[in-house]
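Each value in this text was obtained by applying a stated rule to the coordinates, not by laboratory testing. This structure is a prediction, so every number in the text was calculated from the model and none was measured. Neighbour counts run over all protein chains shown; Cβ positions are idealised from the backbone, glycine included.
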Amino acid sequence: MMEKRQFFIDGAWVDPAEARDLEVINPATEKAVAVISLGTAADVDRAVEAAKRAFLSWSETSVQERAALLERTIEIYERRSAEMDEAIRLEMGAPADFTREQQTPAGTGHLQATLEALKSHQFERPSPRGGSVLRHEPIGVCGLITPWNWPINQIAAKVAPALAAGCTMVLKPSEIAPLSGLLFAEILDEAGCPAGVFNLVNGDGPGVGAAMSAHPDIDMMSFTGSTRAGVAVTQSAAPTVKRVALELGGKSPNLIFADADLETAVRFSLESCFSNTGQSCDAPTRLLVENGVYEQVVALAGNIAPETTVGDPAKPGGHIGPVISELQYERIQGHIERGVADGARLVAGGPGKPEGYETGYYVKPTVFAGVTNQMSIARNEIFGPVLVMIPFETEDEAIRMANDTPYGLAAYVQTGDPERAKRVSRKLRAGSVYINGASPDWDVPFGGYKQSGNGREYGEFGLEDFLELKAITG
């Protein structure tokens, strides 16, 4: 078992102020693979002090210096990508092929998109009517809190633009999936990141997250996670009036119209919902289907869903792995059982573990039909491989139903009519809309409406989140 008890503070690996061990559990085996220490407010104080001190010089570096650091980081990250694959597989049970093809490359994608944005960004420009200079400056010391479901994706999506902007930072990765964050700290250290610019403190929300959010010397909090936790971060940050950027939950609608290529649309819908074992905040988990083809789509889903199999993350293949933890497994089972109790019809999957997988937090890929938009399984973010199918009569009803949710992170449209695709997309209250299976690049803004958060990440939009705007007149 790996011992990873130290934190990265002020350019060195240091012992925690107080020993508070936590085992990192491999969700495929239910066994510990590493032990970390949970930090305290004292560790946060030490990291913030280092970041505040480093900000004085890092904020004054040139674009060329910051770009050079990102370039070195990319080179080392790619060289050590196999280590990142293994870290993510062990900490969250992501299958080896999926990790190598999707999870780990996300880090490279964000680093490269940020590098491009940095090189093209105009940090100083004249005001529109002249007479003043508008200047973008780094906001200061940033607290970064990242989740377990796409661990390095969210770390890179925050650390890269913070570095590029000239900010310094304290990162708290998820305490249940910390190995990729610890490896990323090694990569930044090897790349020559100056002492104090990047700091990492492991810990949980009450012990470290709350201390960061309330800290008077942290100028910005960037948080990705549940809406409940995002509210807590915002409340803790309010007394110091720091900037708060949030990327939170979702219950994303996926609209299938009768004029779509139904088999292609259903296959995409299932694969997108079940990908990453359903543990993606923008997963299309509410499938809204035009009534005239509803039963046909239900039948297609029943035939295609069994093609998604579960399996050992260590083995090659296109299967999905376990969910992250026993707690998450029990929550998902509760949602599935509630769906059955509420009268939804099981098309595939159901309660319990797949046959042959009694060890590990494995969930059957599950599809419900006969769902209404008011059922619990249609309202709540399940965060597992569970799809609900809901019929609609008209385009207007589909739009109303899609928007009838407290969330607004993503939405999906499947139709053979380009004009309908444009018309419907404009009316959907979501930060991202994907048409007929399209997917974005790393420079497209990502973030949500309503309780899915505020601010935007990725590329130039993520860079701007970490910048203040100053007007110099006279």
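Of the two radii for the chain, the radius of gyration is 0.98 times the Kirkwood radius, both from the alpha carbons; that is the Rg over Rh value. Where Lys and Arg each count +1 and Asp and Glu each count -1, what net charge lies around GLU49 among other residues with Cβ under 12 Å from its Cβ? In short, -1. Only Lys, Arg, Asp and Glu carry charge here, each on its Cβ (+1 for the first two, -1 for the last two); on that basis the chain has a dipole of about 1080 debye about its Cα centre. In the stretch 229-292, the ratio of gyration radius to Kirkwood radius, Rg to Rh, stands at 1.23 when only Cα atoms are counted. Each peptide in 38-51, 3-16, 414-427, 116-129 receives the mean, over its residues, of other Cβ atoms within 10 Å, and ordering these scores from highest gives 38-51, 3-16, 414-427, 116-129. Couplings for the stretch 95-109, taken from phi via the Karplus curve 6.51 cos²θ - 1.76 cosθ + 1.60 with θ = phi - 60°, read x, 4, 5, 5, 5, 5, 8, 10, 5, 5, x, 4, x, 4, x Hz in order; Gly and Pro are left as x.
Sequentially through the stretch 249-254, phi angles give Karplus couplings (6.51, -1.76, 1.60; θ = phi - 60°) of x, x, 9, 6, x, 9 Hz, Gly and Pro residues having no value and appearing as x. Working note: Cα gyration tensor of the stretch 134-228, eigenvalues times five, square-rooted, sorted largest first, giving semi-axes of 20, 17, 12 Å.
Against the empirical 2.2 N^0.38 Å scaling, what ratio does the C-alpha Rg of the stretch 36-75 come to?
On the way: Rg = 14.2 Å, N = 40, 2.2 N^0.38 = 8.9 Å.
Relative to the rule-of-thumb radius for its length, the stretch 36-75 sits at 1.59.
For the stretch 1-117, the Kirkwood estimate of hydrodynamic radius, built from reciprocal distances between every pair of different alpha carbons, is 16.7 Å.
Beyond 15 Å, what percent of the Cα pairs of the stretch 333-386 remain? So the pairs more than 15 Å apart make up 42 percent of the total in the stretch 333-386.
Ordering of 181-191, 347-357, 312-322 by packing is 181-191, 312-322, 347-357, highest average first (other Cβ atoms within 10 Å, averaged per residue). Residues within the reach of a label modelled at ASN380 (point 7 angstrom out along Cα to beta-carbon, backbone nitrogen below 17 Å), restricted to the stretch 281-315, are 285-286.
For the pair HIS319 and ASN291, the difference between a 0.36 nm per residue extended length and the Cα-Cα distance amounts to 6.9 nm.
Take the Cα of ARG135, go 7 Å toward its beta carbon, and the backbone nitrogen atoms of the stretch 47-62 under 12 Å from that spot belong to 60.
Dipole orientation for the chain: of the candidates PRO216, ILE435, GLY131, GLY131 has the Cα lying most toward the positive pole (charges on Cβ; Lys, Arg +1; Asp, Glu -1). Once backbone amide H atoms are built at 1.01 Å from N, ILE9 has VAL14, LEU200 as its partners under 5 Å, excluding neighbours fewer than 5 places away on the same chain. Structural descriptor for the chain: relative contact order 19 percent, calculated from alpha carbon pairs under 8 angstrom and at least 6 residues apart. Here the 3J(HN,Hα) profile of the stretch 152-160, calculated from phi with Karplus coefficients 6.51, -1.76 and 1.60 at θ = phi - 60°, is 6, 4, 6, 5, 5, 5, 9, 5, 4 Hz, Gly and Pro shown as x.
Which of the lysines could a cross-linker bridge to LYS4, judged by Cα under 19 Å and excluding same-chain residues fewer than eight apart? Leaving aside lysines fewer than 8 places away in the same chain, those within reach of LYS4 are LYS31, LYS172. For a straight C-alpha distance cut-off of 29 angstrom, the lysines reachable from LYS422 (same-chain residues fewer than eight places away being disregarded) are LYS251, LYS450.
Counting only Cα atoms, the stretch 207-366 measures 57, 41, 35 Å along its principal axes, largest extent leading.
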